[in-house]
Every structure is written in structure tokens, then in C-alpha cells.
Amino acid sequence: MSTTNRPRDPHSLSDDIIAMSIGPSHPAMRCPIKLNAAVAGDHITSMQVELGFMHRGFEKMAEYTPYNELIDLVDRLNPVNSPSNALTFVTAVEKLMGVEIPERIAYLRMVFAELARMASHFDCIATAAIELELTKLKLLMSESLNVLLDTIETHMFRPSFGGISCSLDDNFSGFIRQLFAFVSSRSMEGRRYMSQGGIFHKRLAGYGTVTSQRALEAGFSGPNLRASGIEYDLRRHCPYWLYPKVGFQIPTGTNGDCYDRYVTRLYEIEQSMLIIEQCLDRMARLDDEQVACAALPVAVKPQGEIYFAVESAEGELGYFIVGRGEDKPYRLHIRPPGLAEAGALADVLTGEQMEQIVPLMGSFNLSGAELER
Amino acid sequence: MNDFSATLKKACSEAILAEQNSPDGIVMTIKADKIRQVFETLAGRGTSDGRMLLTDISAVNIEENDCRFELYYHVFLIDLHLRLTLKCRVEGDKIDSIADIMPAALMPEREIFDMFGLKFRGHGNLPRLFMHNDFEGHPLLREYPLMKRQILLEQTKFE
């Protein structure tokens, strides 16, 4: 990793460089990563990032597990944004088999994927707020996260091949609108706390800057790439489900610093709500004959290879599947959002102050189980 | 889309063995020893037809004839809205690294070395990414037993 030496802290009382380990388990980190830092005064002079503290052995296990059982395994890869993983996997297998899904199911998938995106973004900002001791902001974000996770869980959401399984009552759209009234009031208030000139801005602006060129070269994706000013969103650039039918904006940052990465996420929450409202409207206009729950009538034994990626909350989440006509995949590989970011972390953190580590790491929103093998 | 693949084919006519159009983009089969040439051409394109992103590299352990591995390079061309998959078969256990042309390949190459033992020439010392340094073998090879565990008892030293 990077060992570039940056200028020493002028306020440091001593010239000694101390080796300091942060992690792998830290209350404010969402995934176990160990940071081995060389610190002079309060400044990090060099850093190594160590991964490998969460061996799920998922890809190995997948080669011995039938496709149907894998659905339940993949949604454990990201605790907050679990629908994204399951939906991506299911859609990848469907594409490999050439299965078309009904419109209603595509809209339902979009609704749950966007709800999960909102949850993940709220979680990301709440983590930063805890570290910055902004209790009110933390409360606002956690309250929203709480109701969103509650919504996903109470509807017993579980995708299946060719369909989706969830218990929706007649007033689902009314329920979601009520939920949005609650969530958007919180996010609007959060916006006030995160606006320019506030503590949030002062503490985070200008730190951990990643230029657009650097972000592209390093292979960043999702909000981390958009915060650097590059308008790249798979929902627009490589559309899946029925995203071409809904209108939304792609928020981008200007400086690519830590503050921009958080604010991009906050703006995305509002766009997600817009997408869900459009989905619900369009679902209401569909014929009732189209079932909400469906399953594939044939056995799942795909043949061939596919790489299918979605715009997950943390970035590009891709599933690469090689099938050989058996009920288990020959090879399953996950393109995790965050591996590129973890690779660039050492460079971004070198030269920063110790107190910035947690908000900076949090701004990339890395998810451990997806990242590791 | 066609302009792009025609230009790429013209520039690396020797490297590209086959081309296939899929609903999601183009899949090109290339010669493993020409991988650097293809990526140099891709990276050296003018900015007019756009920015590109190397999203990931996937390896598959196949044991067919002399060929042990299949590598898939997933590239996305942002301005053309086009996904390009470059597929190559590797004989033996070495291939040229492209990490100096595309820094995004750094982590995937380390991961593939760790999981499969496929070495990337020119990637520096290629440390393991996830497994500990005393780990023997490569867990995602087909021959590695599913239930074989190797526990690390000592803490890794940091220098």
C-alpha cells in the first residue's frame, strides 16, 4: 500500500513516529478493516490497510449450494441493504435463463431496492453523525433508518426466481406515502444540519479529496464516484428492471471530498422517494391480472455465463455467474461495491489527522461481508 | 457501438479472436498474451469517445486441456453506455498485469492471486489480500476441499 511521506505536522511536540493499529473492530466502522498507521503527532504519515477479518467463504460455498438456497445466503452479505444483493442475484440468474418478469414484479423490486438504498444512506450519515457528536442529526437519521428497515421486514420481503414474495396489503401505497411524510421531514431537517457553514460542513469539507480522474482510475463507483463529479449511475447508463420508465436526477458533487460524499447520499435519498412514488403510481395503473407473486415453472439450471450489475446503495454491485446446466453454479463471483475504495483508502487517509479517520472511512460506506471472500 | 468495436479490432487485430454481441454489450475473446496491448489501446483512446471504468476482473478455474483459468475483464464505457467483457484463457499460472495501465486492476489482481494462485507479471510483490500469510494453497481452486480450515494463531507483524 501507499508509503508516501507527507509533510510533518508543524504543531507536533515530538518528531517520533508511532505505529498505531486501528480496528479491525471499531464501534463506528461498519466492516472489520484493520488500519496500520504510522503517526507523527496527530498526522498520519503512512498507512497500510489490512483486509481479511471476515471470512464467509461465500464464493466457495456457492459452488456447492443450489440456486434456490443461495437467495437466502446472498441477502446476508450486507446487513442494511440486504434486498439489493438478493434482487441482483435473482435477476442475474433470470437473465442467464432468458426469463422475462412481469411489470408489477419489476416495479416491486424497484420499490424495495430503493427503500434499501435509503436505509443504507441514512445508516451511513448516522454513523458520521455519531463520530462528529451531532446527536440531533444522528437521531434524525436513525429514526428514518429504523422505520425503513421495519417496513422491509414487516412486509416479509424475499425475492424468488421469476417473482417476488412479500405480503402486501391493499393499502401498501398509502402506507408508503405515510412513511415518506415521516422520512422526508427527517431528511429535510437533516439537510439543515448538513448545510454549508454548519459543523458538519466545517468538520468534513476539504478532507479526503478524491479527484474525478483519480476516482475513475481507481475504479470507484456509486455515490463515491458521483461525489467526485462524474455522472455515472447504472440505473441510467445500463438500465435494468423498469428504470428507463421513471424520471429521476443523478446528484453529483463538485469537490469529491468527504463532505460531498455524504451530501450526495442525502440528495439520493430524495431521488429514491421520487422513484418509489412513480413506481407506486404505475403499479396502480396495471391490470390486476398480473400477479404480485410468481415463481419459475421450470427447474433453475442455467447454462452459460453472465455479469449483471446494479446500482446498489454503496456502488456497483455485480454478480458474475457461470452455469453449466447443473442446479449449482460452477462459479459465482461478486463484484463488491467498496473493494476499489478499500484499495484507495490508504492513499486518501495518508496526510490526514487521526480524528478524521472514522468520518472519512464512513464516507465510503464499505460493507464488510460483500467485500471479503 | 459498432464504431467502437471496429476501431478496437483494427488496432488490435492480432489480439482479438472472436466477438459476440449480447443484449448487455460486447464480449470479446482475446489472446492472454496480448492483454496489455488491448488495455493500452483502450486507455489511450481520445477523450472524445469517452471515459472508461474497469469494474472488475473475475477468474474461473477450469481444468480443460492445458488451460487452467479463464479471466473476464469487465469494462464499462461510460459515454457510450456500453459494457465490454474481455475474456481470455490462461495456460499455466501466469499472465501480464495491467495494474500499471489501469490502477483499478490492483485489488482484483491481488484477490485473484490470493484465491486462485494465478500470478500477475509486473504487479510488484503481490501480497495476499484476504488470507493470512501462512495460509497454504488457494481456496477457490476446484481442488481445494470445501471444509479445509487453516487457523492463524499468531498476529501478523506490521512494519
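Could you check which residue among A:298, A:322, A:210 shows the biggest mean-square fluctuation in a GNM of chain A with a 10 Å Cα cutoff?
A:298
Please compute the average number of Cβ atoms from other chains found within 10 Å of each residue's Cβ in peptide A:330-343.
Per residue, the average neighbour count from other chains is 5.
Take the alpha-carbon centre of the range A:241-265, take the same for the range B:111-126, and report the distance between them in whole Å.
35
Would you work out which of B:35, A:128, A:266 lies farthest towards the positive end of the dipole of the protein assembly as shown? Charges go on Cβ: Lys and Arg +1, Asp and Glu -1.
About the Cα centre, the residue reaching furthest to the positive side is B:35.
To the nearest 10 degrees, how steeply does helix B:2-11 sit against the main Cα axis of chain B, on a 0 to 90 scale?
70
List, in order, the whole-Hz ³J(HN,Hα) value for each residue of the range A:55-60 obtained from phi through the Karplus relation with A = 6.51, B = -1.76, C = 1.60 and θ = phi - 60°; use x for Gly and Pro.
Taking θ as phi minus 60°, the curve returns 7, 8, x, 5, 5, 5 Hz for the range A:55-60.
Can you give me the long-range amide H partners of residue B:82? Hydrogens built in the peptide plane at 1.01 Å from N, cutoff under 5 Å, separation of 5 or more residues or another chain.
Close amide H contacts, sequence-distant or interchain: B:77.
Helix A:103-131: angle to the longest alpha-carbon principal axis of chain A, degrees 0 to 90, nearest 10?
20
Give me the orientation-averaged projected area of the Cα convex hull of the protein assembly as shown, in nm², one decimal.
25.0
Taking +1 at the Cβ of each Lys and Arg and -1 at the Cβ of each Asp and Glu, which of B:62, B:117, B:20 sits farthest along the dipole of the range B:2-121 towards its positive end, judged by Cα position relative to the Cα centre?
B:20
Given a 1.4 Å probe and every protein chain left where it sits, what share in percent of the accessible area of the protein assembly as shown is carbon and sulfur?
It is 49 percent, rounded to a whole number.
Placing +1 at every Lys and Arg Cβ and -1 at every Asp and Glu Cβ, with all other atoms neutral, what dipole size does the protein assembly as shown have around its Cα centre, in debye to the nearest 20?
340
How many Cβ atoms of partner chains, on average, are near each residue of B:56-67 if near means within 10 Å of its Cβ?
Shielding by partners across B:56-67 averages 4.
Which residues' amide hydrogens lie under 5 Å from the amide hydrogen of residue B:56, considering only partners 5 or more residues apart or on another chain, with H built in the peptide plane?
Placed amide hydrogens put B:74 under 5 Å from residue B:56.
Across peptide B:71-77, what mean number of C-beta atoms from other chains lies inside 10 Å of a residue's C-beta?
Mean inter-chain Cβ contacts per residue within 10 Å come to 3.
Can you give me the accessible area per residue for chain B, using a 1.4 Å probe, in Å²?
That works out to 50 Å² per residue.
Out of the range A:31-133, which GluC sites (Glu not before Pro) are coil in DSSP terms and have no more than 13 other C-beta atoms within 10 Å?
A:100, A:133
Heavy-atom accessible area per residue, chain A, 1.4 Å probe: how many Å²?
Heavy-atom accessible area per residue stands at 37 Å².
How tilted is helix B:106-116 with respect to the longest principal axis of chain B? Cα atoms for both, answer in degrees (0 to 90, nearest 10).
The angle comes out at about 50 degrees.
Under a Cβ-Cβ cut-off of 9 Å, what is the net charge of the residues other than residue B:59 that fall near it, where Lys and Arg count +1 and Asp and Glu count -1?
Counting the neighbours of residue B:59, the net charge comes to -1.
Need one number: buried accessible surface between chains B and A, 1.4 Å probe, both sides summed, DNA, RNA and ligands left out, in Å² to 100.
3700
Could you put A:257, A:170, B:33 in order of accessible surface area, largest first, with the 1.4 Å probe and the full protein assembly present?
My answer, sorted largest first, is A:170, B:33, A:257.
Report the local net charge at residue A:339: Lys and Arg +1, Asp and Glu -1, summed over other residues whose C-beta lies under 10 Å from its C-beta.
-3
If you average the sequence gap of Cα pairs under 8 Å that are 6 or more apart and divide by the length of chain A, what percent do you get for the contact order?
Answer for chain A is 25 percent.
The values are calculated or read from the model by the stated rules, or taken from the named source; none is laboratory data. Keep in mind it's a predicted model, so treat the numbers as computed, not measured. Virtual Cβ from ideal backbone geometry, glycine too; neighbours counted across all protein chains shown. Remember, those area values only see protein heavy atoms, side chains included, never the ligands or the DNA or RNA. Shrake-Rupley method; radii C 1.70, N 1.55, O 1.52, S 1.80 Å.
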